1. Using modelled backbone amide H atoms (1.01 Å from N, in-plane), which distant-in-sequence or interchain residues come within less than 5 Å of residue 37's amide H?
2. Rounded to the nearest 0.05, what FRET efficiency do residue 22 and residue 115 give with R0 = 30 Å and r taken as the Cβ-Cβ distance? Could you check?
3. Quick one: what are the phi-derived ³J(HN,Hα) couplings along the range 43-52, Karplus 6.51/-1.76/1.60 with θ = phi - 60°, whole Hz, x for glycine and proline?
4. Using helices alone, I'd like the mean residue ellipticity at 222 nm for the chain: each DSSP H run of four-plus residues gives -39500 (n - 2.57), total over residue count, nearest 500.
5. Could you work out the relative contact order of the range 10-206, using alpha carbon pairs under 8 angstrom and six or more residues apart, expressed as a whole percent?
6. Loop only per DSSP, at most 16 neighbouring Cβ atoms within 10 Å: give me the GluC sites (Glu not before Pro) in the range 1-89, ordered by residue number.
7. Of 8, 129, which has the most accessible area with a 1.4 Å probe, and how do the rest follow in descending order?
8. Which ³J(HN,Hα) values in Hz, rounded to whole numbers, follow from the phi angles of the range 176-185 under the Karplus curve 6.51 cos²θ - 1.76 cosθ + 1.60, where θ = phi - 60° and Gly and Pro get x?
Amino acid sequence: MAQHRLLTGKVVLATHNKGKLVEMRELMAPYGIELVSAGELGLPEPEEDGYMFSENAAIKAVAACKASGLPALSDDSGLCVDALDGAPGLFSANWAGPGKDFGPAMARVLAELAKRGATTPEQRRAHFTSALVIAWPDGHQELFEGRVFGTIVDAPRGTGGFGYNPIFQPDGYPETFAEMTTTVKSGADEALSHRARAFAQLAAACLRKPA
Ligand code: IMP
């Protein structure tokens with residue numbers, strides 16, 4: 001099995017998404033990493049033309065690593081709704097349009113489900129996926145993936161976090177992601193969100209808490 005590499009010092013988070021930055025800063029907090037975002041550094045956003053979350057994550061991590069000369073961590077993620085053949089999936093961000101307005105994007109998910117007569121929780125199954133890639137300046141890369149399964153609720157609930165949080169209720173919880181604090185969403189005891197689950201694997205492989 002390939003050797004994992006420890007991540008230390010200053011790291012670029014290859015995102016312009018403030019919601020992801022907030023969650024990743026909280027997850028990274030115990031590990032003594034100085035996290036600066038691609039948005040804060042004014043790095044350009046590369047075209048995400050991969051066919052998988054992992055490919056797009058690698059595109060973003062490599063671009064930020066090359067532009068900054070620092071190790072870069074990226075998250076490519078999305079919401080996959082079973083009854084919509086996995087949509088919006090890789091296009092989760094695109095459904096919000098250039099204004100990044102998730103009101104219409106959530107309304108579209110709900111309208112598409114209604115069009116297909118998907119009214120019961122069983123017919124409204126969905127999951128979030130997160131692919132995390134770390135790219136180092138010498139070309140080394142590591143990939144970690146996490147998923148969380150649940151249902152699309154009838155109407156948006158809650159205001160916390162970002163993206164499709166208000167319409168996704170993870171299995172085993174009465175709240176949507178938007179009705180939870182970031183700490184609960186990441187998992188107070190055990191990783192809950194797709195991002196927290198991918199991150200738990202990343203942390204075990206590539207991070208150490210300072211002594
Ligand atoms: P990208 O990975 O930047 O291409 O975009 C992923 C998109 O998926 C985000 O803009 C959100 O719309 C959605 N998404 C990913 N993770 C979450 C989450 O934890 N909550 C809500 N929406 C999410």
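The values are calculated or read from the model by the stated rules, or taken from the named source; none is laboratory data. The structure presented is a predicted model; accordingly, all values stated were derived computationally and were not measured. Backbone-built Cβ (ideal geometry, glycine too); neighbour counts: all protein chains shown. Keep in mind that these areas ignore ligands, DNA and RNA; they rest on the heavy atoms of the full protein, side chains included. Shrake-Rupley method; radii C 1.70, N 1.55, O 1.52, S 1.80 Å.
1. Residues meeting the criterion, in which the H sits 1.01 Å from N, are 13.
2. Values: r = 34 Å, r/R0 = 1.13.
The calculated FRET efficiency here is 0.35.
3. 6, x, 8, x, 6, 9, 10, x, 9, 9
4. Mean residue ellipticity at 222 nm (helix-derived): -9000 deg cm²/dmol.
5. It rounds to 18 percent for the range 10-206.
6. Passing both the DSSP loop test and the Cβ count: 47.
7. If we order 8, 129 from most to least accessible, we get 8, 129.
8. Coupling constants for the range 176-185: 7, 4, 6, 8, 9, 6, 4, 5, 5, 4 Hz.
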